[in-house]
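One structure below.
Values quoted throughout were computed directly from the atomic coordinates according to the rules given, and no laboratory measurement underlies them. Keep in mind that this is a model prediction, so the values were computed, not measured. Reconstructed Cβ throughout: ideal geometry from the backbone, glycine too, with neighbour counts over all protein chains shown.
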């Protein structure tokens, strides 16, 4: 199942993909950390979006579209203008390069993220496969 990014249907499609993908389950079996996509407006998107994912040991336990930045801080907040998220999902921008050049800002333990690069890259693969198109 795949859907248009960003939409609640896309978030659910991503959750379904993560929970059905055997490769992701194996690679991410030790991952512990929820995350929030903090999608900022740009010339294509007029509103700020907050997409929450609870990722735990190779599964996605919960997804939620949030209306604002929650008081409860997830382990990671990935913050960028919509266009940068879009480029990552379309394969036009490498996710690790985006982090290093701050085109994708990461709040949370960069050391943990860097120790788990294969998990990060496979998560992005799943996100790309869950995306049929973008705005």
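Some points to look at:
- Restricting 38, 5 to those that are within 13 Å of the chain's Cα centre (by Cα), in contact (Cβ under 8 Å) with a residue 24 or more places away in the chain and surrounded by 21 or more Cβ atoms within 10 Å (Cβ to Cβ) reduces the list to 5.
- Unmet criterion (only one of (1) crowded, with 19+ Cβ neighbours inside 10 Å; (2) without any contact (Cβ under 8 Å) to a residue 40 or more places away in the chain; (3) assigned to a strand (DSSP E or B)) for residue 61: (1)
- Residue match in segment 33-44 (condition: touching a strand residue (DSSP E or B) at 6+ places or on another chain (Cβ under 8 Å), more than 24 Å from residue 16 (Cβ to Cβ) and part of a strand (DSSP E or B)): yes
- Residue identified as touching a helix residue (DSSP H, G or I) at 6+ places or on another chain (Cβ under 6 Å) and under 16 Å from residue 128 (Cβ atoms) among 53, 14, 45, 78: 14
- Residues being assigned to a helix (DSSP H, G or I) and closer than 22 Å to residue 11 by Cβ - total across segment 83-125: 18
- Candidates 78, 49, 104, 53 - the one that is touching a strand residue (DSSP E or B) at 6+ places or on another chain (Cβ under 7 Å), closer than 20 Å to residue 23 by Cα and surrounded by 17 or more Cβ atoms within 10 Å (Cβ to Cβ): 53
- Subset of segment 126-135 that is crowded, with 20+ Cβ neighbours inside 10 Å and part of a helix (DSSP H, G or I) - its residue that is farthest from the chain's Cα centre (by Cα): 126
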